[in-house]
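Report on the structure given below.
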Amino acid sequence: MPFQFNRLEIPEVILIEPQAFEDHRGFFMETYKHSEFQANGITDQFVQDNYSYSIYSVLRGLHYQKLPKAQGKLVTVVKGTIFDVAVDIRKDSPTYGKWVGKVLSSKNRLMLYVPIGFAHGFCVLSDEAEVVYKVTKEYTPELDRGVIWNDTGIGIHWPLENPIISKKDGSLPFLYKADNNFVYKGG
């Protein structure tokens, strides 16, 4: 199997380790294979790829897109190192307001699957980082929402004290005030 799937403390969020085939020339690996992902519980169809470049200490997030255009994400780092975070924002979820974070890098080649109903963000730990992520719905500006990165009710332990954030991200609301239409359906 070219991938190892590991469910995290919030089991809907999955850390994926692809198998790389290396030799003196470099390496080759698959970054996505629908049949493998589907067999491991990720049944989403990805419809758009996004590419992000950021410098050290940039923090992007916490972002999500409301229903009916909510996005699941598959996050991969192609250059550098990030601390990647998913926050459960599904009302009535047993893990509502809880977060998981993992270091993703071009060296460890780990990927993070962030399902619908989660806010997503990352901060850059290397001099620069290039992040590619697949999403399950196309970007819809009128449904774009977020939660402030330093929401004390969530309590994310970011590995940076004074991140660089955009004006937009700096003005996002706390989770309890966020415009959010996700509801946990059990299971």
If you take the residues of the stretch 173-187 that are under 18 Å from the mean Cα position of the chain (by Cα) and either free of Cβ contacts under 8 Å to residues at least 60 places away in the same chain or assigned to a loop (DSSP other than H, G, I, E, B) (or both), which of them is nearest to Thr95 (Cα to Cα)?
Phe182
Out of Thr81, Thr76, Thr43, Thr95, report the one residue that is of a type in the set (Val, Ile, Thr), farther than 27 Å from Gly170 by Cα and out of contact with any helix residue (DSSP H, G or I) (no Cβ under 7 Å at 6 or more places or on another chain).
Thr43
Does the stretch 106-113 contain any residue that is surrounded by 21 or more Cβ atoms within 10 Å (Cβ to Cβ), over 19 Å from Pro18 (Cβ atoms) and at pLDDT 95 or above?
no
Kindly list the number of the only condition in (1) within 18 Å of the chain's Cα centre (by Cα); (2) surrounded by 12 or more Cβ atoms within 10 Å (Cβ to Cβ); (3) of a type in the set (A, V, I, L, M) that fails for Ala39.
(1)
Which residues, counting only those in the stretch 46-73, are of a type in the set (S, T, N, Q) and out of contact with any helix residue (DSSP H, G or I) (no Cβ under 7 Å at 6 or more places or on another chain)?
Gln48, Asn50, Ser52, Ser54, Ser57, Gln71
Just one listed residue, out of Lys73, Lys69, Lys33, is surrounded by 13 or more Cβ atoms within 10 Å (Cβ to Cβ) and at pLDDT below 95, and it is Lys33
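The values are calculated or read from the model by the stated rules, or taken from the named source; none is laboratory data. In this text the structure is predicted, and so the values were computed from the model without any measurement. Please note: Cβ atoms are built from the backbone with ideal geometry, for glycine as well, and neighbour counts cover all protein chains shown.
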